[in-house]
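S.K.: Structure provided below as structure tokens; questions to follow.
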Amino acid sequence: MTKAELEQDVWDSLPVARRLIGRQRVNAIVQRALRDWPVGVLCQCDAADAAIVQTHFTHRLERRERQYGMGFFALFVLGGIISAIVQHLMKRWLENRMAFMEACL
């Protein structure tokens, strides 16, 4: 799986609210998530521990993507989209780590 295919896969999996954020911003978030993906930690985790890592990673990514002056509604939508992105990436990670790692390169 290439990075472009993974970006398309994530875009297709997101709820309709993705249109409020825009494809370019979603792809930027996916690229940042892939760049910062906690491979070392996740390689040592089972599925139950991966859920905890997912939660912490989602919060960290949300903090990095927030912008000063964003309204409450924009932050709410952004948080939901980031959560859905990380959830989908984690699903792909648990299904096939090697294909996921190829997309990270």
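The values are calculated or read from the model by the stated rules, or taken from the named source; none is laboratory data. Note that this is a predicted model, so its numbers are computed, not measured. Please note: Cβ atoms are built from the backbone with ideal geometry, for glycine as well, and neighbour counts cover all protein chains shown.
S.K.: Output the number of residues of the range 12-31 satisfying the condition of being in contact (Cβ under 8 Å) with a residue 40 or more places away in the chain and in a loop (DSSP other than H, G, I, E, B).
M.R.: 3
S.K.: Then there's this: For Ala50, are the conditions met, namely being among the hydrophobic types (A, V, I, L, M, F, W, C), touching a residue at least 24 places away in the same chain (Cβ under 8 Å) and part of a helix (DSSP H, G or I)?
M.R.: So Ala50 passes the test.
S.K.: Let me ask something else. Tally the residues that are in contact (Cβ under 8 Å) with a residue 12 or more places away in the chain and not aliphatic (A, V, I, L, M), restricting the search to the range 61-89.
M.R.: 9
S.K.: Ok, one more. Suppose we filter the range 17-35 for residues that are surrounded by 11 or more Cβ atoms within 10 Å (Cβ to Cβ) and among the polar types (S, T, N, Q); how many remain?
M.R.: Qualifying residue count for the region: 2.
S.K.: Report, by residue number, each residue of the range 80-105 that is surrounded by fewer than 19 Cβ atoms within 10 Å (Cβ to Cβ), at pLDDT below 80 and of a type in the set (A, V, I, L, M).
M.R.: Listed by number, the list holds a single entry, Leu105.
S.K.: Could I ask something else about it? Against the conditions (1) on the phi > 0 side of the Ramachandran plot; (2) in contact (Cβ under 8 Å) with a residue 40 or more places away in the chain, where does Leu34 fall short? Just the number, please.
M.R.: Evaluating Leu34 over (1) on the phi > 0 side of the Ramachandran plot; (2) in contact (Cβ under 8 Å) with a residue 40 or more places away in the chain leaves (1) as the failure.
Residues are listed down the side, and each one gets a yes or a no for (1) at pLDDT below 90; (2) more than 19 Å from Met1 (Cα to Cα); (3) over 14 Å from the mean Cα position of the chain (by Cα):
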{"site": "Gly22", "(1), (2), (3)": "no, yes, yes"}
{"site": "Gln31", "(1), (2), (3)": "no, no, no"}
{"site": "Arg35", "(1), (2), (3)": "no, no, no"}
{"site": "Val39", "(1), (2), (3)": "yes, no, no"}
{"site": "Thr55", "(1), (2), (3)": "no, yes, no"}
{"site": "His59", "(1), (2), (3)": "no, yes, no"}
{"site": "Gly69", "(1), (2), (3)": "yes, yes, yes"}
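S.K.: Right, here's the next one. Go through the range 1-11 and count every residue that is part of a helix (DSSP H, G or I), loosely packed, with under 15 Cβ neighbours inside 10 Å and either touching a Phe, Trp or Tyr at 6+ places or on another chain (Cβ under 6 Å) or touching a residue at least 12 places away in the same chain (Cβ under 8 Å) (or both).
M.R.: Residues flagged as part of a helix (DSSP H, G or I), loosely packed, with under 15 Cβ neighbours inside 10 Å and either touching a Phe, Trp or Tyr at 6+ places or on another chain (Cβ under 6 Å) or touching a residue at least 12 places away in the same chain (Cβ under 8 Å) (or both) within the range 1-11 amount to 1.
S.K.: Given (1) surrounded by 12 or more Cβ atoms within 10 Å (Cβ to Cβ); (2) more than 15 Å from Phe100 (Cβ to Cβ), identify the lone condition not met by Pro38.
M.R.: Only one criterion is unmet by Pro38, namely (2).
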